[in-house]
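Bear in mind these aren't lab numbers, they're just calculated from the coordinates by the rules spelled out. Given the structure is predicted, the values throughout are model-derived calculations rather than measurements. Here the Cβ is made from the backbone with ideal geometry for all residues, glycine too, and neighbour counts use every protein chain on show.
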Amino acid sequence: MTATAKNAPTRRRAESLAMRIEEGAAKLAAFVAELSDAEWRVPVSSTDTRPVGVIVHHVASVYPIEVQLAKAIAGGNAVSDVTWELVAGLNAKHAQQNAEITKAAALELLQKNSREAAEAVRALTDEELDTAGPFSLNSGAPLTAQFVIEDHAVRHSWHHLAGIKKTLRR
């Protein structure tokens, strides 16, 4: 092994995480691409009345935020100013502003932002992924950057895809 290879940062886990982000976004995109206009406008559930299309755009819209939070933790910083109340308010504002989002626009943003999120995650080292810091969305628990990525950027598309499938009974 050369000295350069020996000192090169390891990024196997980052690559795996990035691939899972891309996979989730691709599965969500493939499923919703086939929906009718009527299905695109169906509320996701009785507790989350946002239409399917707004949910897809929401997933796409928050990739940059999810990665920013993980990178903050990876950099050794606490995330203390993000609360579930704040998230709910942002989600409500997003739904109002994007009530008429088209399928083409939502899918374009999903592809762009998931690709950029995956690229940002690929740049993280194993050491950065292992860095933990207080994370306010989880009661200030000291969480690793990898956990934040998995619980947000990776899980998000899968979570909403499952809800959409359940609602549409597909």
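So which GluC sites (Glu not before Pro) in the range 66-148 pass both tests, a DSSP loop state and at most 13 other Cβ atoms within 10 Å of the Cβ? Display every interim value, and only then the final one.
Values: sites: GLU66, GLU85, GLU100, GLU108, GLU116, GLU119, GLU127, GLU128; in loops: GLU100.
Listed in order of number, the matching sites are GLU100.
What is the count of Lys pairs in the chain whose alpha carbons sit under 21 Å apart, if the two are 8 or more places apart or on different chains?
Lysine pair count for the chain: 9.
Can you give the alpha-carbon Rg of the range 73-154 over 2.2 N^0.38 Å, where N counts its residues?
On the way: Rg = 15.1 Å, N = 82, 2.2 N^0.38 = 11.7 Å.
Rg over 2.2 N^0.38 Å, computed on Cα atoms: 1.29.
Where does helix 12-33 land angle-wise versus the long Cα axis of the chain, in degrees 0 to 90, nearest 10?
So the helix axis and the longest Cα principal axis differ by about 10 degrees.
Would you mind pulling out the separation of the Cα centroids of the range 114-170 and the range 9-83, in Å?
With the range 114-170 and the range 9-83 each reduced to a Cα centre, they are spaced 8 Å.
Counting each DSSP H run of 4 or more residues in the chain as -39500 (n - 2.57), what helix-only mean residue ellipticity at 222 nm follows after dividing by all residues, to the nearest 500 deg cm²/dmol?
Working: 9 runs with 111 residues, N = 170.
Calculated mean residue ellipticity at 222 nm is -20500 deg cm²/dmol.
Taking the chain as a Gaussian network, where each spring joins two C-alpha atoms under 10 Å apart, which residue of ALA70, ALA141, ALA14 fluctuates the most?
Maximum among the listed residues: ALA141.
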